[in-house]
Amino acid sequence: DTGVSQDPRHKITKRGQNVTFRCDPISEHNRLYWYRQTLGQGPEFLTYFQNEAQLEKSRLLSDRFSAERPKGSFSTLEIQRTEQGDSAMYLCASSLVPGADTQYFGPGTRLTVL
Amino acid sequence: DAKTTQPNSMESNEEEPVHLPCNHSTISGTDYIHWYRQLPSQGPEYVIHGLTSNVNNRMASLAIAEDRKSSTLILHRATLRDAAVYYCILAPNFNKFYFGSGTKLNVKP
């Protein structure tokens, strides 16, 4: 069990550019979550998948954000036309349901938009 | 959204027990109580969870009030590595977590 991995760990981009992050969940976990965390705050839910189906999206996930989980394995989160307000840590977590849905988090991708 | 209330910060001495409280008066019958902790620049780390009964694992103990409106995370012997932000989370419908601002635990040597 290698845990949840995220790539890249850090990304610096200029305003207006597109960025894509990848998350590899724990193998056999059928749920995958994306959260965003700004400095000094707790993580905020963005979206989650059960297998390949995206079941819920937060209103925080504007039209510039899109997430996919093809084949129910890894997931990508894309931000188009980045804004300075998108600067945050983007966290991925996975879990196995049914059950208590204990979520295991990756190390996060730190995005800085200049 | 199920809501929790935690103190902003707490302090403990190394090798002493720490009791971190959490109030969740609006908890529903199917909500699990999860505790996570987060070190700077790292993702949250699972600590423990429970539904109704007290729980123990190698990291900590979770004491749940009989009415389930509050819970306490117990670290039996705090170490410097336990200094982190601790989050108490209710998980309605077994999906998304709503994190509050957590309790920042400072451990003094």
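The values are calculated or read from the model by the stated rules, or taken from the named source; none is laboratory data. All values reported here derive from a predicted model rather than from experimental measurement. Glycine gets a Cβ as well: all are built from the backbone with ideal geometry, and neighbour counts include every protein chain shown. All accessible areas refer to the heavy atoms of the entire protein, side chains included, with ligands and DNA or RNA removed. Shrake-Rupley method; radii C 1.70, N 1.55, O 1.52, S 1.80 Å.
Assorted remarks:
- Matching entry among B:108, B:104 (being more than 14 Å from every other protein chain (Cβ to nearest Cβ), among the basic types (Lys, Arg), more than 10 Å from the chain's Cα centre (by Cα) and open to solvent by 30 Å² or more (accessible area, probe 1.4 Å)): B:108
- Subset tally (residues that are of a type outside the set (S, T, N, Q) and over 18 Å from residue B:47 (Cβ atoms)) for region B:3-15: 4
- Residues of region A:2-37 satisfying the condition of being of a type in the set (Val, Ile, Thr), open to solvent by 20 Å² or more (accessible area, probe 1.4 Å) and within 20 Å of residue B:44 (Cβ to Cβ): A:2
- Residues satisfying the stated conditions in region A:75-114, i.e. assigned to a loop (DSSP other than H, G, I, E, B), at pLDDT 95 or above and open to solvent by less than 60 Å² (accessible area, probe 1.4 Å): A:82, A:87, A:106, A:107, A:108
- Answer residue from region A:59-74, given it is charged (D, E, K, R) and open to solvent by 50 Å² or more (accessible area, probe 1.4 Å) and is farthest from residue A:112 (Cα to Cα) among those: A:71
- Single residue of B:41, B:25, B:70 found to be of a type in the set (S, T, N, Q) and closer than 30 Å to residue A:5 by Cα: B:41
- Test: residue in region A:46-58 that is in a loop (DSSP other than H, G, I, E, B) and open to solvent by less than 50 Å² (accessible area, probe 1.4 Å): yes
- All conditions but one from (1) closer than 24 Å to residue A:91 by Cβ; (2) open to solvent by 30 Å² or more (accessible area, probe 1.4 Å) apply to residue B:82; the one that does not is (2).
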